[in-house]
Amino acid sequence: MRLSELKEGQEGYVVKILGHGAFRKRLTEMGFVRGKLVKNVLSAPLKDPVKYSLLGYEVSLRRSEAQMVEIIEAEKAENPILSPIEERLQANDISDIPPALRHEEHIINIALIGNPNCGKTSMFNQLSGATEHVGNYSGVTVEAKQGRFKHKGYTFNIVDLPGTYSLAAYSPEELYVRRYLEQETPDVIVNVVVASNLERNLYLTTELIDMDRSMVIALNMYDELENSGSKLDHELLGKMIGVPIVPTISKSGLGMDELLERIIAVYEGKDESVRHIHVTLGDDISEAISPIKELIKKEASIAPKFSARYLAIKFLEKDREVEAMVRKAASYSEMCRLRESGRKKVEESRDEDVTAAIAAEKYGFIDGALAETMSGERETSTRATAIIDAFVTNRLFGIPLFLGVMFLVFWLTFSIGAYPMEWIERGVDTLNAFIDGNFPAGPLKDMISDGIIGGVGSVIVFLPNILILYACISFMEDSGYMARAAFIMDRAMHRMGIHGKSFIPLLMGFGCNVPAVMATRTIESRSSRLITILINPFMSCSARIPVFLLLIGTFFSAHAALVFFAMYGLGVGIAMLTARLLRRFIWKKDETPFVMELPPYRVPTLKATLRHTWGKGKEYIKKMGGIILVACIVVWALDYFPRHDEPSEPQTSLTANDTQINPAHDSYLEMIGKVVNPVMEPLGMNWRATVAAIAGIPAKEIVVSTMGVLYTGDNDADNNRLSTKLTAPSAITGEPDFTPASALAFMVFILLYCPCIATVIAIVKEAGSWKYGAFAVGYNTLIAWIVAFAVYHIALLF
Ligand code: GDP
Ligand code: MG
């Protein structure tokens, strides 16, 4: 009987909990564990919730929840209970625990669910010993057939349900199966799939996964798969989707024992493959679902039967049955409002209706799961996708094609980006001229024109490049190509100890590390995600470009492209090395594998691409308005004060009197630089370079603008003039401040050292602990020092 039937004052023992995984987990945590004694302490008629006492605590459950707890009445137990059950369980003395609660008396209710003709009835006959009619045409099973058998002390009640392709509420069969799952809540669902036609069969599986029920997959007609010559790593597939998979041939009875073993293991909660995963549905659909899901979660009356995620998906699809279940909810009108706006967004960005979009995403999930686990002939969801994929993910063409695409992306970013960059530069100049002509001279004017406009202006010029890069990435993501790129890079990524999904965030790191670190959220495996977060700062972000432009232009103009490429390559190399080290020493074992979706290709709408570009670019703009603005003012102030001479005279003048002769002229910034410089001298860095590196900690864009301030003294960071100053011999030593060797070391140092503050904050937030931020600061700076030292001394040899 069910707990809800227990009358006031009566007691009963918990046998099991039905319903979806999250609900079972919650009740188990409340103490509803097999063998525990529960008492109904207070249940006024029609009163909801009902109060129960359990383990000496009082808990209240709604009737709908109590309905999901199976119990046996204490009075019906063979032996009266004398001592408290808790003590006996601890003493392992179960002799007086009612037999139904003991392991060997267990009843497991299983239901066979699968497409028509997948061999359910044959399996039913094999397991139960019945002789139901088996037919090679659909529709033979019109209603559920029941059977009962024993195995290893467990009693199995088995139901053969009608065949269905999905759990939509369209056909009578679909409706029947859904109502059965709702009302009878079987303990373990046996999802029978045809091994030789997994693409279509696994669709139903994704719906069952959404429901979050205990489940085992019978990979039936395994003989046909073997005959076809294809190979499937079913263990890996099972781990990826969190459902144990057992190969079976229900015609001959092969695999039935193992199937039962796994059913028992799942029932007892001992199967290691079992894990609740989310079949990913794309950002737009997920965003539409999650607020609805939150509202449904609060509705305890509907929660225990189906998982909130499943209900939210079906509600979004305007499923009639779910609509009826949800209609009574207090927040129904709010849900409808959310549904309308969610549907509109999805339909606008995809040009297809929500149901079709969800189905496409599910097939993408299945394609991805099979692409990684199955070899040989494989069908994909659509023909066009299959044809394009044949080229794009081809072993031979895949990577060269990808490199070509990346080249195109970077070309677009820098060549097209050069035009708006020029406009912005002109705008900044005009603004400066305006301030110059209209403000009275003094610290305020200096702060506005040198600190704010000079500093932020030198950063804002890169905004077009960043936005173009993000537009390209969004386009590749929305079209479905990025998923393939990640897929073909998967193998290489695995060699580094991370996952193919890490690839996109790493690529985004070339724009800005902040949104890139946030983009790691799609990586399900925690250790892979942490590693991806920690190596991301080594991806040379666009803020480092001005440093490279300046120094490469000054010292290596003959081999500019090569040196540029070498810098990016060095960053990637250090990232790979770090990933391997982390995998070797910190996170030795990767967690469970997960599916990389391969969504069907589609032409992205302009609106969606623009929206996604903006979503990523926003972070960069926020960074400029916040941290960079503040840092520019601070750097400016440290350089401006203390004032000794009349303000019009520059504090540091390279040609006239060197600062080392005249320490009274030192600004705070110079003082700091000179104190820290001994540490940096082995890298060939002078105090100005040191100051620039320190100033770059808030944001690396500030490195060049600081050098501009330090070298020109007249606040003009014009690169040409800055270059001549960099190579001009110093007044005291007669040596120039930078040589090719020290310039190289400086670039390496700026490339690798401590991530900018915004990135550190993002790391701490995403990784969930300040320790990871501290690691990034310490480790990266150390690595930067070591590599720069090596580069400097090797370069000196030439
Ligand atoms: P149901 O519609 O899911 O109940 O499927 P049935 O049990 O009626 O089986 C459909 C057809 O598939 C029958 O002709 C069975 O003999 C055949 N079949 C069932 N299991 C297997 C199997 O493991 N291998 C092969 N080759 N055929 C099978
Ligand atoms: Mg049948």
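Coordinate-derived values only; no laboratory data. None of the values given here were measured: they were computed from a predicted structure. Positions of Cβ are generated from backbone atoms using ideal geometry, with glycine treated the same way; all protein chains shown enter the neighbour counts.
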The answer for GluC sites (Glu not before Pro) in the range 348-440 that fall in a DSSP coil and have at most 11 neighbouring Cβ atoms within 10 Å is Glu377
Using the alpha-carbon centroid of each, what span in Å lies between the range 551-608 and the range 611-627? 21
Most to least packed among 674-681, 276-283 [average Cβ atoms within 10 Å]: 276-283, 674-681
Taking θ = phi - 60°, what integer Hz values does the Karplus form 6.51 cos²θ - 1.76 cosθ + 1.60 yield along the range 489-502, in sequence order, with x for Gly and Pro? 7, 3, 4, 4, 5, 4, 5, 7, x, 10, 10, x, 5, 5
Per residue of the chain, what 222 nm ellipticity follows from adding -39500 (n - 2.57) for every DSSP H run with n ≥ 4, rounded to the nearest 500? -16500 deg cm²/dmol
For the range 403-517, build the convex hull from the C-alpha positions and give me its volume per residue in Å³. 109
What is the gain in length, in nm to one decimal, between His793 and Glu29 on full extension, counting 0.36 nm per residue of separation less the C-alpha to C-alpha distance? 268.9 nm
Using a ≥ b ≥ c from the Cα gyration tensor of the chain (square roots of the eigenvalues), is it rounded, prolate or oblate, where a/c under 1.5 gives rounded and otherwise the larger of a/b and b/c decides, a/b for prolate? prolate
Subtract the Cα-Cα distance of Lys251 and His494 from 0.36 nm times their separation in residues, and report this length gain in nm to one decimal. 83.5 nm
Rounded to whole Å and ordered largest first, report the semi-axes of the equivalent ellipsoid of the range 189-241 derived from its Cα gyration tensor (root of 5λ). 20, 11, 9
Bridge orientation stat for the chain from DSSP, antiparallel percent rounded to 5, came to 60
Can you give me the C-alpha center-to-center distance between the range 752-775 and the range 154-216, rounded to a whole angstrom? 45
Per-residue HN-Hα couplings for the range 771-787, Karplus 6.51 cos²θ - 1.76 cosθ + 1.60 at θ = phi - 60°, whole Hz, x for Gly and Pro? 4, 5, x, 4, 4, 4, 5, x, 4, 5, 5, 4, 4, 4, 5, 4, 5
Residues with amide H under 5 Å from that of Val192, placed H, sequence gap 5 or more: Ile113, Gly114, Ala218
Length gain on complete extension for the stretch Lys297 to Leu610, per 0.36 nm per residue less the alpha carbon to alpha carbon distance? 109.4 nm
Alpha carbon centroid spacing (whole Å) that separates the range 435-468 from the range 323-346: 48
Long-range alpha-carbon pairs in the range 574-618, meaning those over 16 Å apart, account in percent for 67
With only Lys, Arg, Asp and Glu charged, each at its Cβ (+1 for the first two, -1 for the last two), find how big the charge dipole of the chain is about the Cα centre; round to the nearest 20 debye. 820
What is the sum of charges around Val572, taking Lys and Arg as +1, Asp and Glu as -1, for the other residues whose C-beta is under 15 Å from the C-beta of Val572? +3
Counting other Cβ atoms within 10 Å, keep those with at most 11, restrict to DSSP loop, and tell me which trypsin sites (Lys or Arg not before Pro) in the range 286-349 are left. Arg327, Lys328
Within the range 140-175, the residues whose backbone N lies under 19 Å from a label point placed 7 Å from the Cα of Lys318 along the Cα-to-Cβ direction are 167-171
Flagged links, alpha-carbon separation over 22 Å, of Lys314/Lys345; Lys616/Lys700; Lys120/Lys251; Lys51/Lys270: Lys51/Lys270
Under 1.5 on a/c is rounded, so check that first for the range 736-798, then, if it is not, pick prolate when a/b is larger than b/c and oblate when it is not; a ≥ b ≥ c are the square roots of the alpha carbon gyration tensor eigenvalues. prolate
Final fewest-first order of Tyr792, Tyr332 on the 10 Å Cβ neighbour count is Tyr332, Tyr792
